[in-house]
Amino acid sequence: MCDFLQSLTLRFIVCPLCSLDINECRNYPGRLCAHKCENTEGSYQCSCTTGFQLSHDGRNCEDINECDANPCSQECANVYGSYQCYCRRGYQLSDIDGTTCEDIDECALPTGGHVCSYRCFNAPGSFYCTCPSIGYTVAPNGRTCLDIDECAAGIHNCSVSESCFNIQGGFRCLSFKCPPNFSQPAQGPNQDASVSVRCVKTCQPNNISCIHDPVHLITHTGLSLPTFRDFNEPEEIVFLRTLTAANPAPLLGATEVFFDILAADDQSSFDVQKRLHQGTIMGVIRQVKRIIGPMELVLEVAINYVKSGVNSHRNIVIIHIFISEFWF
């Protein structure tokens, strides 16, 4: 029979015929090692979980800075017991290994159609936009296409008898002339002939047909429009303001105003609505159908002033519309 000698300072229980190892890890759980304890013959050994290493005392564990080994292709951030890879702008982490950064094709994203006004080209870590080669330039934000005002820049070929009218992506040389019995009044210093020309009726005393013609004023104006990309409801494009007071109820002898479209495109793409604006009557011309440019058309609208059932006079507005092939 073995003579057992027991002592806390001894690593073995000794007897003349045998020796038994003491499992310190089991006898003193959580007291000998910070993380892991492994029993060995006559002793024990501490180890650490992934992301940590043994400190000099052989018992405690300290964080390993994995970023020192450059495990990430771009940016690395050490965290307690691990690390995290990050990518610079324009890149994203690979789904395969989580450490490699791959280029993001911004042009192919679901919103890629809105990244650039016109065309998008992918580049490593970025992208760049281009605009139509004629009539546009890239804005300072690098994405939007801005129309070049050839008229203001003086880079047009209009003659001295023509007015340069800027449109989206180009310009037009316009020359409006008043019809017989109409004349163009002298323009003030702030009037721009490229925007609007007014022709006022001027009848000779013996010209009865001219005197009885209800048309008193003819106005030519230009309008540049895009090809509306998302056309879900009518677009209000022109406001015709009058000085005629709007009456809630018809008054005897009061002047009424009516708006009519006299000429438009073959598809009837426009209408005109009568509205009240700050106590006066106003006409609103709307584009009610999508028109794909480039296209040029003339829209003619009549403003009829009716008093006591009689059309006292009429003003004609002739709108020269230039529709771009682009939405911007």
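The values are calculated or read from the model by the stated rules, or taken from the named source; none is laboratory data. Remember, it's a predicted structure, so these values are computed and weren't measured experimentally. No Cβ is skipped: glycine too gets one built from the backbone with ideal geometry, and neighbour counts run over all protein chains shown.
Pairing residues of the stretch 133-157 that are surrounded by 11 or more Cβ atoms within 10 Å (Cβ to Cβ) with residues that are modelled with pLDDT of 95 or more and acidic (Asp, Glu), at Cβ distances under 7 Å and at least 6 apart in sequence or on separate chains, gives Gly135/Asp147; Tyr136/Asp147; His156/Glu150.
Within the stretch 261-289, restricting attention to residues that are closer than 20 Å to Ile316 by Cα and polar (S, T, N, Q), the residue that is surrounded by the fewest Cβ atoms within 10 Å (Cβ to Cβ) is Ser268. When the stretch 76-91 is limited to residues that are in contact with a strand residue (DSSP E or B) (Cβ under 6 Å, 6 or more places away or on another chain), closer than 17 Å to Ser126 by Cα and not hydroxyl-bearing (Ser, Thr, Tyr), the one that is surrounded by the fewest Cβ atoms within 10 Å (Cβ to Cβ) turns out to be Gly90. Here the condition is being free of Cβ contacts under 8 Å to residues at least 24 places away in the same chain, within 30 Å of Val138 (Cβ to Cβ) and among the polar types (S, T, N, Q); of Asn232, Asn247, it holds for Asn232 alone. Only one of the numbered conditions (1) surrounded by 13 or more Cβ atoms within 10 Å (Cβ to Cβ); (2) at pLDDT 95 or above; (3) of a type in the set (A, V, I, L, M, F, W, C); (4) out of contact with any Gly (no Cβ under 8 Å at 6 or more places or on another chain) is violated by Leu109, and that is (2).
Restricting the stretch 290-310 to residues that are within 32 Å of the chain's Cα centre (by Cα) and exposed (fewer than 14 other Cβ atoms within 10 Å of the Cβ), which is farthest from Val215 (Cα to Cα)?
Ile292
Screening Phe326 with (1) exposed (fewer than 14 other Cβ atoms within 10 Å of the Cβ); (2) not in a strand (DSSP E or B) gives one miss only, at (1).
Of the residues in the stretch 38-62, how many are surrounded by 14 or more Cβ atoms within 10 Å (Cβ to Cβ) and either at negative phi or not assigned by TED's automatic domain parsing to the domain that holds Leu20 (or both)? If you could, list the steps in order and put the result at the bottom.
First, the residues of the stretch 38-62 that are surrounded by 14 or more Cβ atoms within 10 Å (Cβ to Cβ): 39, 44-48, 51-52, 54, 59-61.
Retained after the next criterion (residues that are either at negative phi or not assigned by TED's automatic domain parsing to the domain that holds Leu20 (or both)): 39, 44-48, 52, 54, 59-61.
Looking only at that region, the number is 11.
Total residues in the stretch 158-191 satisfying the condition of being hydrophobic (A, V, I, L, M, F, W, C) and touching a residue at least 40 places away in the same chain (Cβ under 8 Å): the figure is 5.
Quick one: is Thr227 β-branched (Val, Ile, Thr), surrounded by 16 or more Cβ atoms within 10 Å (Cβ to Cβ) and outside any strand (DSSP E or B)? Criteria met by Thr227. Could you tell me whether the stretch 201-214 includes any residue that is under 28 Å from Ile292 (Cβ atoms) and surrounded by fewer than 11 Cβ atoms within 10 Å (Cβ to Cβ)? No - not one qualifying residue is present in the stretch 201-214. With the structure loaded, tell me whether Val238 is in a strand (DSSP E or B) and either touching an Asp or Glu at 6+ places or on another chain (Cβ under 6 Å) or surrounded by 14 or more Cβ atoms within 10 Å (Cβ to Cβ) (or both) or whether it fails that test. When the stated conditions are applied, Val238 passes them.
Considering the stretch 129-163 alone, what residues qualify as being part of a strand (DSSP E or B), out of contact with any Lys or Arg (no Cβ under 8 Å at 6 or more places or on another chain) and either assigned by TED's automatic domain parsing to the domain that holds Gln92 or at pLDDT 95 or above (or both)? Show your work before the answer.
From the stretch 129-163, those part of a strand (DSSP E or B) are 129-130, 136-138, 145-147, 163; that's our starting set.
Restricting the remaining residues to those that are out of contact with any Lys or Arg (no Cβ under 8 Å at 6 or more places or on another chain) gives 136-138, 145-147, 163.
Correct list: Tyr136, Thr137, Val138, Cys145, Leu146, Asp147.
One residue is enough: does the stretch 56-78 have a residue meeting the conditions under 28 Å from Thr99 (Cβ atoms) and over 54 Å from the mean Cα position of the chain (by Cα)? Reasoning before the result, please.
We begin by selecting, within the stretch 56-78, every residue under 28 Å from Thr99 (Cβ atoms); these are 61-78.
Now narrow it down to the ones that are over 54 Å from the mean Cα position of the chain (by Cα): none.
No, every residue in the stretch 56-78 fails to be under 28 Å from Thr99 (Cβ atoms) and over 54 Å from the mean Cα position of the chain (by Cα).
Taking (1) assigned to a loop (DSSP other than H, G, I, E, B); (2) in contact with a helix residue (DSSP H, G or I) (Cβ under 8 Å, 6 or more places away or on another chain); (3) surrounded by 17 or more Cβ atoms within 10 Å (Cβ to Cβ); (4) not small (Gly, Ala, Ser) in turn, Cys72 satisfies each apart from (2).
When each of Glu62, Glu24 is tested for being among the acidic types (Asp, Glu) and modelled with pLDDT under 95, the lone residue that passes is Glu24.
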